[in-house]
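None of the figures in this text is laboratory data; all of them are computed from the coordinates on show. The structure displayed is predicted, hence computed values, not measured ones. Note that we place each Cβ from the backbone using ideal geometry, even for glycine, and neighbour counts take in every protein chain shown.
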Amino acid sequence: MPNRTMTHAIVLSAAFVGLPFANGVANASTGEEVYKKSCRMCHVRGMAGAPKTGDKAAWKKRLAKGKETLYENSIKGFRDKGMMPARGGDSSLSDEEVKAAVDYMIEQSQ
Ligand code: HEC
C-alpha cells in the first residue's frame, strides 16, 4: 500500500513539473491556437462589450490607438465599458502568444 501512494505522488509531481514546459517555451502556440483556446469564448460573440472578431468597424476603432497599445492592454488587461482580463485570463500564455492572438484577431477583422 505505501508503495502505491508513493508512485502516485511521483507521477503527480512529474505532471506538474512538466506543465510549464508544455505550455511555455518548448511549445509556443500560434495566434490561431491561442485565440481558439483563450480568446474566442468572449470575442466570437462580443461578450461583455468585447470587440467581435470579424467586426471591421469595432476593430478599426481599437486599432486607432495603435497596435502596441492593443498588445499591452491584452497582456495587462483593459477596462473601459467592459472587462478584458489580463492575457484573456490565461496566465500560462507568454507575451508573444498573446500578441500573436491579437494579430490573428486583427487579421480576421480587416
Ligand atoms: C472574459 C472575456 C474575454 C476573454 C477571454 C478575452 N477578452 Fe479581449 N476583451 C474582452 C472585453 C470585454 C473587451 C473590451 C474591453 C473594453 O473596451 O472595455 C476586450 C478587448 C480586447 C482588445 C482591445 C483592447 C483595447 O485596447 O481596445 C484586445 C486587443 C483583446 N481584447 C484581445 C484579447 C486576446 C488576445 C484574448 C486571448 C488571449 C482575449 N482578448 C480574451 C473580453 C475578453
Subject >> Least to most buried among 99, 56 (fewest other Cβ within 10 Å first) >> reply: 56, 99
**OP:** Count the net charge of all other residues whose Cβ sits under 11 Å from the Cβ of residue 29, scoring Lys and Arg as +1 and Asp and Glu as -1.
**Re:** -3
Original post:
Mean separation of Cα pairs under 8 Å and 6+ residues apart, divided by the residue count of segment 29-107: what relative contact order is that in percent?
Top reply: 41
Original post:
Could you put 90, 95, 80 in order, starting from the residue whose Cβ has the fewest other Cβ atoms within 10 Å?
Top reply: 80, 95, 90
